Amino acid sequence: MRAVLVVNPQATATSPAGRDVLAHALASQVKLDVVETDYRGHALIAAAQARTDGVDLVVAHGGDGTVNEVVNGLLQDGPGGPMLGVVPGGSANVFARALGLPRDPVEATHRLLTALEEGRGRDVGLGRVETEAGGRWFTFNAGMGWDADVVADVDRKRGKRTGPGLYARTALARYLKGEHHRLTVEFPGDEPIEDLRLVFVSNTDPWTYLGPRPVRLNPAATFDDGLGVFALRRLGMGTVLRHATQALSASGVRSGRHLVRRDDVDTLLVSAQEPVKLQCDGDLIGEFSTVRFRGVEKAVTVVV
């Protein structure tokens with residue numbers, strides 16, 4: 001088996017020693033090449049080249065951004081191609097945790113090697129956004145409006161170590177500015193739902209993590225079904241606190257007067273009168289007036 005290990009050396013939980021241990025362990029079972037990324041988009045290019053070269057497995061060692069880039073490289077020409085392996089190396093590692101993988105890189109490496117020996121793999125459904133600029137895959141969540149604004153604000157503070165605290169403070173500061181968007185969502189066969197202030201799309205549960213605690217907006221979402229949609233008509237303090245409390249509870253978000261929530265959605269269209277920011281898996285994609293979200297079944301095989 002031929003494999004490529006894609007490492008983001010800037011990720012929170014990666015280190016030269018850890019990378020060397022991982023590479024040595026993998027090289028005992030596969031014919032391995034190692035790529036260390038040094039700019040945004042490098043992991044995508046490396047994964048796309050691996051698919052062109054007929055590689056069997058691409059292992060992403062980094063945070064959710066690295067995994068997202070690798071996935072987009074593997075699927076640049078559509079589903080199929082090499083299998084995906086994940087060894088967490090970031091601060092949140094939402095995709096890996098949702099798959100039940102250990103957060104510790106050494107334990108995750110052992111799990112990966114055992115899965116390779118036993119031939120274990122799981123076909124995982126992914127989400128996809130389609131805009132006038134092209135398409136982008138996402139593994140666990142995407143959104144337009146508030147969350148994308150927060151991602152943009154955090155990106156501007158890139159010199160600081162990112163983590164739950166920074167995201168929480170940035171989200172609060174963005175909320176207090178009161179610059180809320182007006183979005184319209186269209187589900188096939190339904191009347192448009194207008195004047196929404198935020199729209200979050202989930203490909204799995206949880207939507208993300210706040211440190212050790214899962215944030216559960218669509219508890220029924222799984223990698224085997226369609227997308228989950230969470231949207232709010234109002235962003236008053238009472239509404240936000242109600243749903244934040246529910247999202248951090250064991251059962252997740254359940255109900256609310258200003259809540260629009262759907263599960264197992266194949267496709268939806270989100271639009272705004274003016275371009276708003278779009279994020280996928282915590283990475284800012286750009287600003288768009290119209291975005292289509294799709295769920296794609298069995299888009300990639302993950303070694304688990």
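Is it the case that Thr37 is hydroxyl-bearing (Ser, Thr, Tyr) and buried (at least 19 other Cβ atoms within 10 Å of the Cβ)? Walk me through how you get there before you give the answer.
Numbers: hydroxyl-bearing (Ser, Thr, Tyr): yes; buried (at least 19 other Cβ atoms within 10 Å of the Cβ): yes.
Against the criterion (hydroxyl-bearing (Ser, Thr, Tyr) and buried (at least 19 other Cβ atoms within 10 Å of the Cβ)), Thr37 qualifies.
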Query raised in the report: What tally of residues in the range 40-55 results from selecting those that are open to solvent by less than 20 Å² (accessible area, probe 1.4 Å) and closer than 15 Å to Arg2 by Cα?
Result: 5
Report task. Could you figure out which of (1) open to solvent by 50 Å² or more (accessible area, probe 1.4 Å); (2) in contact (Cβ under 8 Å) with a residue 12 or more places away in the chain isn't true of Pro16? Result -> (2)
Requested in this report: Considering every residue within the range 276-284, establish whether at least one is of a type in the set (A, V, I, L, M) and crowded, with 21+ Cβ neighbours inside 10 Å.
Outcome: yes
Requested in this report: Can you tell me which residue within the range 81-98, out of those that are more than 21 Å from Val55 (Cβ to Cβ) and not basic (Lys, Arg), is modelled with the lowest pLDDT?
Outcome: Ser91
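With a cut-off of at least 1 residues that are in contact with a Gly (Cβ under 7 Å, 6 or more places away or on another chain) and of a type outside the set (D, E, K, R), name the strands (runs of 3 or more DSSP E) lying wholly within the range 1-73. I'd like the intermediate steps shown before the answer.
Working: elements: 2-7, 31-36, 57-62.
The strands (runs of 3 or more DSSP E) meeting that bar are 2-7, 57-62.
Looking at Gly85, Gly81, Gly100, can you tell me which residue is out of contact with any Ser or Thr (no Cβ under 7 Å at 6 or more places or on another chain), part of a loop (DSSP other than H, G, I, E, B) and buried (at least 21 other Cβ atoms within 10 Å of the Cβ)? Walk me through how you get there before you give the answer.
Values: Gly85 fails: part of a loop (DSSP other than H, G, I, E, B); Gly100 fails: buried (at least 21 other Cβ atoms within 10 Å of the Cβ).
One residue alone meets the criteria, Gly81.
Using the structure shown, decide if Val300 is of a type outside the set (S, T, N, Q), part of a strand (DSSP E or B), out of contact with any Asp or Glu (no Cβ under 8 Å at 6 or more places or on another chain) and closer than 20 Å to Gly134 by Cβ.
Numbers: of a type outside the set (S, T, N, Q): yes; part of a strand (DSSP E or B): yes; out of contact with any Asp or Glu (no Cβ under 8 Å at 6 or more places or on another chain): no; closer than 20 Å to Gly134 by Cβ: yes.
For Val300, the condition - of a type outside the set (S, T, N, Q), part of a strand (DSSP E or B), out of contact with any Asp or Glu (no Cβ under 8 Å at 6 or more places or on another chain) and closer than 20 Å to Gly134 by Cβ - is not met.
Going through the range 56-78 one residue at a time, which ones are over 16 Å from the mean Cα position of the chain (by Cα) and open to solvent by 10 Å² or more (accessible area, probe 1.4 Å)?
Within the range 56-78, the subset over 16 Å from the mean Cα position of the chain (by Cα) is 56-59, 76-78.
Asp56, Gln76, Asp77, Gly78 - these are the residues of the range 56-78 that are over 16 Å from the mean Cα position of the chain (by Cα) and open to solvent by 10 Å² or more (accessible area, probe 1.4 Å).
The values are calculated or read from the model by the stated rules, or taken from the named source; none is laboratory data. Since we're looking at a predicted model, the values are computed, not measured. Ideal geometry is used to build each Cβ from the backbone, glycine not excepted, and the neighbour counts take in all protein chains shown. For the accessible areas, the whole protein counts, side chains as well, though only heavy atoms, and no ligand, DNA or RNA atoms are used. Shrake-Rupley method; radii C 1.70, N 1.55, O 1.52, S 1.80 Å.
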